[in-house]
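Colleague: Structure below; questions to follow.
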């Protein structure tokens, strides 16, 4: 059952990745960016150059989404490994089918 929970945690991680639209925010404000996925350092560097407080607030929120995406991705990997270990030790998932 832990394996199934890891899938749900991964789905949450994907949702946070989809909420992170920092590249779109830069492009919509006339700032050219080359990669689609911007690192936190790049976003912070560009934030320091900006004067628009509303845009800075949106970028801070996107940095939070990036951090939550990384946390939930790591959590899903850990729960998947624990789930596989539990299924090897005490199989339960096989009896559901």
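Computed from the coordinates by the stated procedures, all read-outs in this text should not be read as laboratory data. Keep in mind it's a predicted model, so treat the numbers as computed, not measured. Here the Cβ is made from the backbone with ideal geometry for all residues, glycine too, and neighbour counts use every protein chain on show.
Colleague: Place a label point 7 angstrom from the Cα of residue 39 along the Cα-to-Cβ direction, then list the residues of the stretch 67-94 whose backbone nitrogen is under 18 Å away.
Modeller: 67-71
Colleague: I've got another one for you. Along each of the three principal axes of the Cα atoms of the stretch 1-56, give the extent in whole Å, ordering the values from largest to smallest.
Modeller: In descending order, the Cα extents are 49, 22, 19 Å.
Colleague: Remind me, relative contact order of the stretch 2-96 in percent, using alpha carbon pairs under 8 angstrom and six or more residues apart? All intermediate terms of the calculation are to be shown ahead of the outcome.
Modeller: Details: 71 pairs, mean separation 48.2, N = 95.
Value for the stretch 2-96: 51 percent.
Colleague: So, R0 is 41 Å and r is the distance between the beta-carbons of residue 58 and residue 86; what FRET efficiency does that work out to, to 0.05?
Modeller: Values: r = 41 Å, r/R0 = 1.00.
For residue 58 and residue 86, the calculated efficiency is 0.50.
Colleague: Give me the one-decimal nm value for the distance between modelled label points at residue 51 and residue 28, 7 Å along each residue's Cα-to-Cβ direction.
Modeller: In this crude spin-label approximation the distance works out to 2.2 nm.
Colleague: How large is the helix-only mean residue ellipticity at 222 nm for the chain, computed as the sum of -39500 (n - 2.57) over DSSP H runs with n ≥ 4, divided by its residue count, in deg cm²/dmol to the nearest 500?
Modeller: -25000 deg cm²/dmol
Colleague: In degrees from 0 to 90, rounded to the nearest 10, what is the angle of the helix 2-19 Cα long axis to the longest principal axis of the chain?
Modeller: Once rounded, one gets 10 degrees.
Colleague: Right, next: Please report the projected area of the chain's Cα convex hull averaged over all directions, in nm². Intermediate values should be presented prior to the final figure.
Modeller: Numbers: hull surface 29.7 nm².
Orientation-averaged projected area of the Cα hull: 7.4 nm².
Colleague: Using only Cα atoms, locate the centre of the stretch 59-77 and the centre of the stretch 1-32, then give the distance between them in Å, rounded to an integer.
Modeller: 8
Colleague: Give, in nm to one decimal, the length gained when the segment between residue 93 and residue 19 is fully stretched (0.36 nm per residue of separation minus the Cα-Cα distance).
Modeller: Result for the pair: 23.4 nm of gain on full extension.
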